[in-house]
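Peer 1: Okay, here's the structure, questions in a sec.
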Amino acid sequence: MLKTLLKSVREYKKESLYAPLFVSLEVALECLLPLIMAKLIDQMTGEAIKPILKLAVILVIMALLSLACGIASGRMAAIASCGFAKNLRQDLFFKIEDFAFADIDHFSTSSLVTRMTTDVTNVQNAYQMIIRIAIRTPLMIVFSMIMCLTISIRMSLIFLVLLPILGLVLFGIAIHVSPIFRRIFKKYDALHNSVEENVSAIRVVKSFVREDYEKEKFGRAAEEVCRDFTHVEKILAINNPFMMLCIYTALMLVSFFGANIIINTAGSSLTTGQLSSLINYGIQILSSMMMLSMVFVMTSMAVESGHRIVEVLTWDSTLTSPENGRTEVPDGSICFDHVSFRYHAESEKAALADVNLQISSGQTIGIMGGTGASKTTLIQLISRLYDASEGSVRVGGYDVREYDLNTLRDAVAVVLQKNVLFSGTIKENLRWGNKEATDEELVLACRAAQAEEFIEQFPDKYDTYIERGGSNVSGVHKQRLCFARALL
């Protein structure tokens, strides 16, 4: 999964490497600050101000350098993660554009939308955390622990005992929530499917006065997602209180035992400044564990999202262009030779069974049949939107599987039963049929499709804006515009 996802980093490799580098420098400076602070505290004897001022200047310079490194790492991480997400969405979109109808049926439109939006966002957030916080926290824990050991081995045992306990709790939470996230994402698909279905079919919903039914159905889907997320949040809610308990317990023990050592040894084994450093290092260690828990949670969510994204990226489309496929269609003749077709391999009944049909180039033919007679299916085999299960479909004397897909589809104009227009002007929609078409050719095509009359009635004529799906024109107008597009 990681290998596939990381291919989308591409031009953002430099930022992805700079982010952890600046983080490492930031951590090193932050870990040195308590040591300087300890010396500063120990110098506060009231004898001289010069050493104190010197240490104070060093502290300010180190703090500013640490701030600069932190800003630089944050900026690099933001650029890298946003760029990674942009590339990932592009890769997904380009892959989906090459899908056959059967591939889209397999995933469902709503699931593909969820993967390109919610899942990519989850992976993006996790990536930003990994190249910054996931690098920072282990380094902070290790460096701070080393510093603690150099000050007092006995006092460091308090943190060494607490660290594995915290680690086990974090690991347990991560293991427990992972399958719940997996379940949630499947329900997200169902939720998005409900939204997409209702928005695209809102006229049907209103015509049959089914708003209450659809609201109830959506409410159930939303309630299921809410219930699962609430369950996850309840588990994750244990994290913060437990972390705070460990932090304050450690600080209390360090303060108590440290004060005893200072009093009993008169500061020879442990100074006040060193105790202050130990407390600071303890806070750094336990705060880093707290941040690590956040990374665990985000990563657990992102792992499931990553699997869903990679499933699309690595999916082998059922339709591909042959190597060195034919790039020219000789003529418009069509031949169905003992063609049978099933939408699913395991289907008992074939949508088309042993079809034989010969259409000469230039011939006009009508294919009639009742609803569900597979007329549309027959047409879709010509431009190879599906492949025949048995037999062969030949265009221009050659099997459609021998053609380069773009060449074949560019030679076949299709007006589907469901008329589809895209958001944009009438001109832009018509030029889907031929991007090089002149204004005169657009007019001729619309005249032939009997669309010119109603277009001329619009105030902006051919520059009239069409809403998504052609929702601002009638069904007949959509159909005529689609015919004109096909003629172009």
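Peer 1: For every helix of n ≥ 4 consecutive DSSP H residues, a contribution of -39,500 (n - 2.57) applies; sum these over the chain, divide by its total residues, and give [θ] at 222 nm rounded to the nearest 500 deg cm²/dmol. Don't jump to the answer; show the numbers that get you there.
Peer 2: Details: 18 runs with 326 residues, N = 488.
Here the helix-only value at 222 nm equals -22500 deg cm²/dmol.
Peer 1: Can you tell me the 0 to 90 degree angle between the C-alpha axis of helix 272-313 and the longest principal axis of the chain, rounded to 10?
Peer 2: Approximately 10 degrees, to the nearest ten.
Peer 1: Sort S333, S156 by accessible area with a 1.4 Å probe, largest first. List each step's numbers first, then the result.
Peer 2: Details: S333 25, S156 0 Å².
Solvent-accessible surface, decreasing: S333, S156.
Peer 1: Provide C335, C226 ordered by accessible surface of protein heavy atoms (probe 1.4 Å), highest first.
Peer 2: Working: C335 15, C226 70 Å².
The ranking, largest first, comes out as C226, C335.
Peer 1: Okay, next question. Across region 216-310, how large is the tail of the calculated P(r) beyond 18 Å, expressed as a percent of all Cα pairs?
Peer 2: Numbers: 2902 of 4465 pairs.
Pairs farther apart than 18 Å: 65 percent.
Peer 1: If you restrict to DSSP beta bridges whose two residues both lie in the chain, what percentage is antiparallel, to the nearest 5? Spell out each step's value before the answer.
Peer 2: Working: 14 of 15 bridges.
The antiparallel fraction comes to roughly 95 percent.
Peer 1: Something else about it: Under 16 Å Cα to Cα from K206, which aspartates and glutamates show up? Leave out anything in the same chain fewer than 8 places away.
Peer 2: The reachable aspartates and glutamates, counting only those whose Cα sits under 16 Å from K206, are E196, E197, E214, E216.
Peer 1: If the limit is 25 Å between Cα atoms, which of K86/K418; K86/K215; K95/K375; K187/K234 go over it?
Peer 2: Values: K86/K418 32 Å; K86/K215 34 Å; K95/K375 29 Å; K187/K234 19 Å.
Violating the 25 Å limit, Cα to Cα: K86/K418; K86/K215; K95/K375.
Peer 1: Let's see if you can work this out: charge +1 on each Lys and Arg Cβ, -1 on each Asp and Glu Cβ, no other charges. What is the dipole magnitude of the chain about its Cα centre, in debye to the nearest 20? Kindly include the intermediate steps, with their values, before the conclusion.
Peer 2: Details: 47 positive and 50 negative charges, 360 e Å.
Once rounded to the nearest 20, the dipole reads 1740 debye.
Peer 1: Next question. Using Cα positions and a limit of under 16 Å, work out the lysines in reach of K427, with same-chain residues fewer than 8 apart set aside.
Peer 2: Candidates past the 8-residue exclusion: K435, K461, K478.
Peer 1: So, one more: State log₁₀ I(q)/I(0) for region 332-426 at q = 0.11, 0.13, 0.14 Å⁻¹ as given by the Debye formula over alpha-carbon point scatterers of equal weight, solvent excluded.
Peer 2: With no solvent term, the Cα-only Debye profile gives -0.35, -0.48, -0.56.
Peer 1: For the chain, go through all pairs of different Cα atoms, get the mean of 1/r, take its inverse, and jot down that Kirkwood value in Å. Could you put the intermediate results ahead of the total?
Peer 2: Numbers: mean 1/r = 0.0349 Å⁻¹.
Answer for the chain: a Kirkwood hydrodynamic radius of 28.7 Å.
Peer 1: What ranking of M291, M155 comes out by heavy-atom accessible area, probe 1.4 Å, highest first? Show your work: numbers first, answer last.
Peer 2: On the way: M291 60, M155 5 Å².
Largest to smallest exposure gives the sequence M291, M155.
Peer 1: For helix 239-265, report the angle its Cα long axis makes with the longest principal axis of the Cα atoms of the chain; keep it between 0 and 90° and round to the nearest 10°.
Peer 2: Orientation of helix 239-265: about 20 degrees from the principal axis.
Peer 1: What does the C-alpha gyration tensor say about the overall shape of region 194-245? Classify as rounded when a/c is under 1.5, otherwise prolate if a/b is larger than b/c, or oblate. Write down the numbers at each step before the final one.
Peer 2: Values: a/c = 7.01, a/b = 4.33, b/c = 1.62.
The shape class here is prolate.
The values are calculated or read from the model by the stated rules, or taken from the named source; none is laboratory data. Everything quoted here is computed from the prediction, not taken from an experiment. Ideal geometry is used to build each Cβ from the backbone, glycine not excepted, and the neighbour counts take in all protein chains shown. What goes into the accessible areas is simple: the full protein's heavy atoms, side chains included, and nothing from ligands, DNA or RNA. Shrake-Rupley method; radii C 1.70, N 1.55, O 1.52, S 1.80 Å.
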